[in-house]
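Chemist: Can you read through this structure? Questions will come right after.
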Amino acid sequence: MNTLLDTTTTTGENLGGATAMDTQDNVSPRTNNVPHVDVPSIASSAMLSELSISQWTGRKKDRKASKDVTLDNNAESGVANVHKKLLGNCAELDAVHKLTGNIRNIHYNMTMPWSDTGLRLLPTAQYFKYHKAMTDLENQWRSATNKFLQSYQWEISQAQAKLGDLFDGSEYPTTDALTSKFAFNLNYIPLPDAGDFRIDVGNDAVDEVKSSYNDYYSRQLTKAMEDVWTRLHDSLTRMSERLDYGADDDKRVFRDTLVSNVTDMVELLDVCNVTGNVQMTAMRDKLSDAMYGVTADALREDAHTRMETKRAVDDAIASLPSLEV
């Protein structure tokens, strides 16, 4: 089929599940039965970050083509949809989409989950690094968006040849309307403290609201810390697997990021430890010592360095909080 089209079957998707682990200091790190423990307020050591990016997809469902595909294949109505790329393979629009995905990934990597509405927990120790990174990326994104908007009318003129009979001029917004579909917003929000409710509903109701927020606060903070442990587990496991070969075995190809991903996690263990978790502090110190002076080239060329690093990584994995992964 023409590469400008995307034919999909309308079925549901399972988008994965959550992981759970023990992050409390007074619980055995290898047990799953975590008792309820009150968590400290972190309102002074973290804030909430809200990132919102909107963009034009440049895609649209073609009802006629969808119907034709269904009829041509003797299929039941509604089981297949055809979406067309209105500008074909537009390099400028693809660049915006790619950059948007990269920005979101960096946003997720530098923050921790907090609410289902998209708010992320940002440690104050991470703020300046995060803000500089996001400001630079926003400038790049706006530059890429402007470049696309400047080429938009030219791309429409080329689209008819690319789409053939699928072209429909009424499906293309004006440049002004298109411009409004692109937006980049980054907001910082103070993290509420459960003791700071100012509502006029009576003492009993205030106590109930505080209790409810305390429960929510505890759950969200636990989820945020679990996310850090899970990311660390994934980075260490990946390194252990890639280093699992001897001097006489064929060398396994791995990128330099195999090392930088772990060293980045060492920094993250520091800045994201907003509760002062002693186990996280100990893990940071252990990995900092283990990765000191280790480079990707050394791991590729030196069997002893590779063996010692893998041993240290495996030891770190064994001492992680219990993970359901």
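Chemist: Would you please put 268-278, 50-60, 70-80 in order of how densely packed they are, using the mean number of other Cβ atoms within 10 angstrom per residue and starting with the highest?
Modeler: Details: 268-278: 19.3, 50-60: 15.6, 70-80: 11.1.
Packing proxy ranking, top to bottom: 268-278, 50-60, 70-80.
Chemist: Also, quick follow-up: Please give every one of the lysines within straight-line cross-link reach of LYS286, meaning a C-alpha to C-alpha distance under 18 Å, and leave out same-chain neighbours fewer than 8 residues apart.
Modeler: LYS310
Chemist: Based on alpha-carbon centroids, what's the gap between segment 62-95 and segment 248-325 in Å, whole number please?
Modeler: Using only Cα atoms to place each centre, the spacing works out to 46 Å.
Chemist: From the backbone phi of segment 214-225, what are the Karplus-calculated ³J(HN,Hα) couplings (6.51 cos²θ - 1.76 cosθ + 1.60, θ = phi - 60°) in whole Hz, Gly and Pro given as x?
Modeler: Taking θ as phi minus 60°, the curve returns 4, 5, 4, 4, 5, 5, 5, 5, 4, 5, 5, 5 Hz for segment 214-225.
Chemist: If you don't mind, there's one more thing I want to ask. Taking 0.36 nm per residue of separation and subtracting the Cα-Cα distance, what length does fully extending GLU76 through SER157 add? Walk me through the intermediate numbers first.
Modeler: Numbers: separation 81, 0.36 × 81 = 29.16 nm, distance 3.60 nm.
Net length gain for the segment: 25.6 nm.
Chemist: Per residue, how many Å² of accessible area does segment 210-285 show with a 1.4 Å probe? Don't skip to the end; give the middle numbers.
Modeler: Values: 3680 Å² over 76 residues.
Spelled out: the 1.4 Å probe surface of segment 210-285, per residue, equals 48 Å².
Chemist: Cα-Cα over 32 Å: which of LYS61/LYS147; LYS60/LYS129; LYS98/LYS162? Walk me through the numbers before you get to the answer.
Modeler: Numbers: LYS61/LYS147 26 Å; LYS60/LYS129 38 Å; LYS98/LYS162 22 Å.
Too far apart for the 32 Å limit: LYS60/LYS129.
Chemist: Hey, what D do you get for segment 79-156 in µm²/s if you plug the Kirkwood alpha-carbon radius into Stokes-Einstein at 25 °C and 0.890 mPa s? Please report the intermediate quantities before stating the final value.
Modeler: On the way: Rh = 14.8 Å.
For these conditions, the coefficient is 165 µm²/s.
Chemist: Within segment 82-121, list the residues whose amide N lies under 11 Å from a label point set 7 Å along Cα→Cβ of LYS61.
Modeler: 82-83
The values are calculated or read from the model by the stated rules, or taken from the named source; none is laboratory data. Keep in mind the model is a prediction, meaning the values are calculated, not measured. Note that each Cβ is placed from the backbone with ideal geometry, even for glycine, and that neighbours are counted across all protein chains shown. Side chains are part of the model used for accessible areas, which takes the heavy atoms of the whole protein and leaves out ligands, DNA and RNA. Shrake-Rupley method; radii C 1.70, N 1.55, O 1.52, S 1.80 Å.
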